[in-house]
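Asker: What follows is a single structure, and I will ask about it in a moment.
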Amino acid sequence: MSGNEWTSTSMPYLTPRAAGTTDAWANEARAVGRTGSQRIVHAGKVPAPADVAPLLRLPEGDPVVVRRRIIELDDEPNELTDTYYPADIASGTPLAAKEKIRGGAVTLLATLGHVGVRVVENVTARMPRVEEREQLRLGSGEPVLQLTRITYDTADRPIQADVLVMPATRQQLRYEIRIG
């Protein structure tokens with residue numbers, strides 16, 4: 001892999017962090033001598049889009065809270081991440097605000113009593129939409145990977161749905177699964 005490529009793992013983003021720690025992305029990048037940052041481009045309540053509503057088991061158009069971020073690696077766009085939460089969980093919390101959340105959203109969710117115990121991820125490859133191509137600074141003909149992640153609590157309720165879009169030629173997804 002060249003210096004512009006990134007190997008991504010999911011586990012750091014699924015586990016609550018100790019109070020006062022920095023976010024998982026910044027730590028993951030720092031561990032390999034790089035700089036990870038993010039820009040929150042939108043946060044707040046929106047109607048649940050048609051492709052997200054079923055992930056959260058909500059009717060299309062029901063209110064949800066979304067946090068839209070551009071994830072950067074060494075000051076270059078590396079990923080677009082939209083994270084959706086049921087409105088009854090996230091409204092009126094820092095999840096609905098544009099500021100960074102110390103320790104990350106998963107940590108905040110845990111302090112609010114919503115701990116993920118099961119995660120389902122689906123990865124697909126596709127061509128980017130015009131806005132995605134521009135935000136990720138892709139050339140024409142460059143595909144993206146889309147990772148859709150749903151986090152469920154102990155009652156098997158979806159508490160978070162993430163839609164991540166990343167340049168396919170700059171990414172490698174790594175999964176480690178323990179059985180028994």
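The values are calculated or read from the model by the stated rules, or taken from the named source; none is laboratory data. Fair warning: this is a prediction, and the values are worked out from it, not measured in the lab. So basically every Cβ, Gly included, is an ideal-geometry build from the backbone, and we count neighbours across all protein chains shown.
Asker: Check L108, L55 and return the single one that is touching a strand residue (DSSP E or B) at 6+ places or on another chain (Cβ under 6 Å) and either over 17 Å from D162 (Cα atoms) or outside any strand (DSSP E or B) (or both).
Answerer: Matching residue, one of L108, L55: L55.
Asker: Which one is farthest from I70 (Cα to Cα) among residues in the stretch 146-174 that are hydrophobic (A, V, I, L, M, F, W, C) and in contact with a Pro (Cβ under 8 Å, 6 or more places away or on another chain)?
Answerer: I159
Asker: Follow-up. Name the residue, out of V65, V52, that is among the β-branched types (V, I, T), closer than 19 Å to L108 by Cβ, over 12 Å from the mean Cα position of the chain (by Cα) and at pLDDT 95 or above.
Answerer: Just one listed residue meets the conditions, V65.
Asker: Next up: Hey, could you check the stretch 129-151 for residues that are of a type in the set (D, E) and in a helix (DSSP H, G or I) and say which is nearest to the chain's Cα centre (by Cα)?
Answerer: Only one residue fits best here, namely E132.
Asker: Quick check on my filter: what residues within the stretch 71-96 are among the hydrophobic types (A, V, I, L, M, F, W, C) and either in contact with a Leu (Cβ under 6 Å, 6 or more places away or on another chain) or modelled with pLDDT under 95 (or both)?
Answerer: Result: I71, L73.
Asker: Can you name every residue in the stretch 81-105 that is in a strand (DSSP E or B) and either in contact with a helix residue (DSSP H, G or I) (Cβ under 6 Å, 6 or more places away or on another chain) or over 25 Å from L145 (Cα atoms) (or both)?
Answerer: Y85, P86, listed by residue number.
Asker: Looking at V163 and the list (1) out of contact with any Lys or Arg (no Cβ under 7 Å at 6 or more places or on another chain); (2) over 17 Å from P54 (Cα atoms), which single condition is not satisfied?
Answerer: Against the list (1) out of contact with any Lys or Arg (no Cβ under 7 Å at 6 or more places or on another chain); (2) over 17 Å from P54 (Cα atoms), V163 comes up short only on (2).
Asker: I'd like the full set of residues that are surrounded by fewer than 18 Cβ atoms within 10 Å (Cβ to Cβ), among the aliphatic types (A, V, I, L, M) and under 24 Å from Q171 (Cα atoms), limited to the stretch 39-70.
Answerer: I40, V41, I70
Asker: Which residue out of A24, A31, A19 is modelled with pLDDT under 95, within 16 Å of V106 (Cα to Cα) and over 16 Å from the mean Cα position of the chain (by Cα)?
Answerer: Answer to the selection: A19.
Asker: Restricting to the stretch 111-128, count the residues that are assigned to a loop (DSSP other than H, G, I, E, B), more than 18 Å from the chain's Cα centre (by Cα) and surrounded by 12 or more Cβ atoms within 10 Å (Cβ to Cβ).
Answerer: Looking only at that region, the number is 2.
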